[in-house]
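Engineer: The structure under discussion is supplied below as structure tokens; questions concerning it will follow.
What follows draws every value from the coordinates through simple rules; no lab data is involved. Predicted model only: the values in this text are computed from it and were never measured. Cβ sites come from the backbone with ideal geometry, for glycine too, and all protein chains shown count toward neighbours.
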Amino acid sequence: MVTQTVVLAQADQRLDTIWIDYVFVAFYFVLVLGIGVLARRSISSSLDFLLSGRSLPAWITGLAFISANLGAIELIGMTANGAQYGVPTVHYYWIGAIPAMVFLGIVMMPFYYGSKARSVPEFLRKRFNTTTQRVQAVSFALASVLIAGVNLFALGLVIEALLGWSLQLAIPVAALVVLSYTFLGGLSAGIYNEVLQFFVILALLIPLTVAGLARVGGWSGLQERVAAGPGGLGDLSSWPGTSLTEIGTPFLSVLGIVFGLGFVLSFGYWTTNFAEVQRALAAKSMSAARRTPIIGAFPKALIPIVIVIPGMIAAVLVPRLGALKRGEATDVTYNNALSLLMGEVLPNGVLGVAVAGLLAAFMAGMAANISSLNTVFTYDIWQDWLRPGRPDLYYLKVGRAVTVIGCLLAIGTAFIAGSYQNIMTYIQTLFSFFNAPLFAIFILGLFWKRMTGPAGWTGLVAGTISAVIVDRLVAAGVLEVSGQAGAFLGASAAFVMGIAVAVVVSLATRPKPDAELVGLVWSLTPKETRMHSTTGEDAGWYRSPTLLGVLVLVLTAGLYLIVP
Amino acid sequence: MSQNPEPERASYEAPSAATTLFDLRTVIALLFAVYGVILTLMGLFATGEAELDMAGGINLNLWTGIAMLVVAAIFLGWVWRSRPLTAQTQEG
């Protein structure tokens, strides 16, 4: 069914690209591959390959942190949400990301970075036990391959519709480019490219927003046209967001957004997702590591301006999207909003930059998944479990091999992802399976020293099972909520069940002695070890994580006030 | 607690990957310089009624091109200003 839509779309949505547009794309690829080649020279150990030798400055890790999250799914999915729901989409950013990012930087990073764990599963082994490490490593590996596939698929669709390449060609070619630079340059190449990608993505979004606003008559012109459209005023104000959650009662809708999205899904993703945390672990000092997510939070707070607004503009400017919103039969979906708007308002030239930006977004997402996959697989599954005790260069080779295999598997799961209609919902559902349970045991383990090793993995398993059950209930129509709200519910269920089971199991088993938990549990970690240096390169008021964290929270609150 | 955890490394010639790696800011500047030049030229010489109408009356190529050149200059300026400091980059 999806293929039909795509074939139809192909003819109508082909962008009017000319040769010069491809010059932008080609030059971008040259730089990306060049970075891969040059980064290779800095690699002489597995730690260099998988964690950049823990040596990168905060601005780089901070931008990479946010860029790893700005995949094709985010761009396409969020503009789609902007077109479909309007302003409530900002919740995904301001509630759904910023608080969690600040929490990660200020509260959790000292434990992650200070523990010298090379991955989240390794941290879990230190805090809980080996079984927990293995359960999480396998779960994470599975999730990474699935999500990398979704990124790949989203991009394949875009390339196919816009440039006319077939999916069978577009997906492997795109995978090959990512593979090339991650294979050569490891995490460093990935991170450097993510920073580059961040700027190219901005070069796509900013002109798009500016041109789109000019076409509809500015912000007030947009407001008028949206208010007159099918979404009405609901599209223009962020609360209670009932169209987003499809929960009819405003109170429950707000609750769903704040607790389900804002707390569980959001904290679950940002505080434990290794694809993100890995970027902070590559930082050169504790201070830099703490600042990484907070530095990333600033662009994250402002980016909705250039993502939600184009989505809304697309819905009023592009006739076929307007028809879709009115419920008429049409051959496009909301997922096409971004590319339709690109074709509508961008002249050749900037259009080429925009295509490069889309490709950049895809590569950022996929590379982040592949690089976190190969770290977890090499260290947690291969070195700690299946083949321990080999020299480091052996594991470096394993890391490279996993990069290749991971990309190949992602090509496979890309075609699985193709069977879903709404990839945003699919992604949120995956998060409810994999991230929410992890967050539950993580946070409990951090603040409750009585929590035992076995409670770690039993909590994980219980949480995942609960999320899967909720998902199946929603799919079967037993729970009558939207797909998105279903994901929020699933995440909440996973969280609650995970904690409940962990508590019960903890009370029935023995905890590790306190001495082993120093640095891993809040109450057992003296304040000094949670601090970072404030001298030398880490000095300066503007380098204080707490100050920056407060600043970004104030900024976000301010944004909520400005927005209706 | 040490400020900067020791990287475990086989060889130890260069102090850190960050100094071994080229400066990313130069690459970013290069990207925007090239993009900026091409777009500005297109904006000046290849923009007609149709392109202006598409973008709501704005010469998008021209303005985006100029903005990119400014960004490139900013990044180059940043690299220059911190040149003297990179020599003292902490070793780990």
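Engineer: Given the stretch A:114-227, what whole percent of its Cα pairs are spread farther than 24 Å?
Structural biologist: Here the tail beyond 24 Å accounts for 55 percent of pairs.
Engineer: Quick one, can you get me the convex hull of the C-alpha atoms of the stretch A:385-534 expressed as volume per residue in Å³?
Structural biologist: Hull volume over Cα atoms, normalised by residue count, gives 197 Å³.
Engineer: Check which residues have an amide H placed less than 5 Å from A:ALA283's amide H, if you skip close sequence neighbours.
Structural biologist: Here the answer is A:LEU56, since their amide H atoms fall under 5 Å of that of A:ALA283.
Engineer: Could you work out the percent of alpha carbon pairs in chain A separated by over 48 Å, rounded to a whole number?
Structural biologist: Tail of the P(r) past 48 Å holds 7 percent of the pairs.
Engineer: Angle between the Cα long axis of helix A:286-302 and the longest principal axis of chain A, 0 to 90 degrees, nearest 10?
Structural biologist: 20 degrees
Engineer: Tell me the relative contact order for the stretch B:29-82 as a rounded percent, counting alpha carbon contacts under 8 Å between residues six or more apart.
Structural biologist: Worked out over the stretch B:29-82, it gives 51 percent.
Engineer: A further question on this structure: Given contacts defined as C-alpha pairs under 8 Å and at least six residues apart, what's the relative contact order of chain A, whole-number percent?
Structural biologist: 29 percent
Engineer: Return the average number of partner chain Cβ atoms within 10 angstrom of each residue Cβ along peptide A:40-50.
Structural biologist: 4
Engineer: For B:37-48, what's the mean count of beta carbons from other chains sitting within 10 Å of each residue's beta carbon?
Structural biologist: 3
Engineer: Additional query: Please name whichever of A:SER287, A:ALA141, A:THR464 sits farthest to the positive end of the charge dipole of chain A, dipole taken about the Cα centre and charges placed at Cβ: Lys and Arg +1, Asp and Glu -1.
Structural biologist: Most positive-ward Cα: A:SER287.
Engineer: Which order do the peptides A:383-391, A:95-103, A:517-525 take when ranked by the mean count of other beta-carbon atoms within 10 Å per residue, highest first?
Structural biologist: With the highest mean Cβ count within 10 Å placed first, the list reads A:95-103, A:517-525, A:383-391.
Engineer: Same structure again: Compare the peptides A:457-466, B:57-66, A:487-496 by average per-residue count of other Cβ atoms within 10 angstrom and give them in order, highest first.
Structural biologist: Per-residue mean Cβ counts within 10 Å order the peptides as A:487-496, A:457-466, B:57-66.
Engineer: Let me ask something additional. Along the positive direction of the dipole of chain A (beta-carbon charges: Lys, Arg +1; Asp, Glu -1; about the Cα centre), which of A:VAL195, A:THR89, A:GLY311 reaches farthest?
Structural biologist: Comparing the listed Cα positions along the dipole, A:VAL195 ranks first.
Engineer: Ranked highest first by average number of other Cβ atoms within 10 Å, how do A:337-350, A:118-131 line up?
Structural biologist: Output ranking for A:337-350, A:118-131: A:337-350, A:118-131.
Engineer: With the calculation restricted to Cα positions, what are the radius of gyration and Dmax of the stretch B:29-82 in angstrom?
Structural biologist: Cα radius of gyration and Dmax of the stretch B:29-82 are 13.1, 45 Å respectively.
Engineer: In peptide A:349-355, how many Cβ atoms from other protein chains are near each Cβ within 10 Å, on average?
Structural biologist: Shielding by partners across A:349-355 averages 6.
Engineer: A follow-up question, please. Can you compute the charge dipole magnitude of chain A about its Cα centre, using +1 on each Lys and Arg Cβ and -1 on each Asp and Glu Cβ, nothing else charged? Give it in debye, rounded to the nearest 20.
Structural biologist: Roughly 1600 debye, rounded to the nearest 20.
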